[in-house]
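Below: the structure, in structure tokens.
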């Protein structure tokens, strides 16, 4: 067994974890907003998932880190 295989596996796992968070987090954010805000008590704020995502991008922007924020 190669001595670098542990390092390669670690880096591959790290990259896979980052990719999952980058792709999964926006969908989770939309899901939570739809669940929280589209209730009888709060009133219907979003028509569907795409409407919710567009509103999030317009009002909150894209946050790449805690110190930067890009509004579209």
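Results, tabulated for the structure shown:
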| item | result |
| --- | --- |
| Check on residue 18, at pLDDT 85 or above and surrounded by 10 or more Cβ atoms within 10 Å (Cβ to Cβ) | yes |
| Residue list for the range 34-54, restricted to those being in contact (Cβ under 8 Å) with a residue 12 or more places away in the chain and part of a helix (DSSP H, G or I) | 34, 49, 52, 53 |
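The values are calculated or read from the model by the stated rules, or taken from the named source; none is laboratory data. Everything quoted here is computed from the prediction, not taken from an experiment. In this analysis, Cβ positions are derived from the backbone assuming ideal geometry, glycine residues included, and neighbour counts consider all displayed protein chains.
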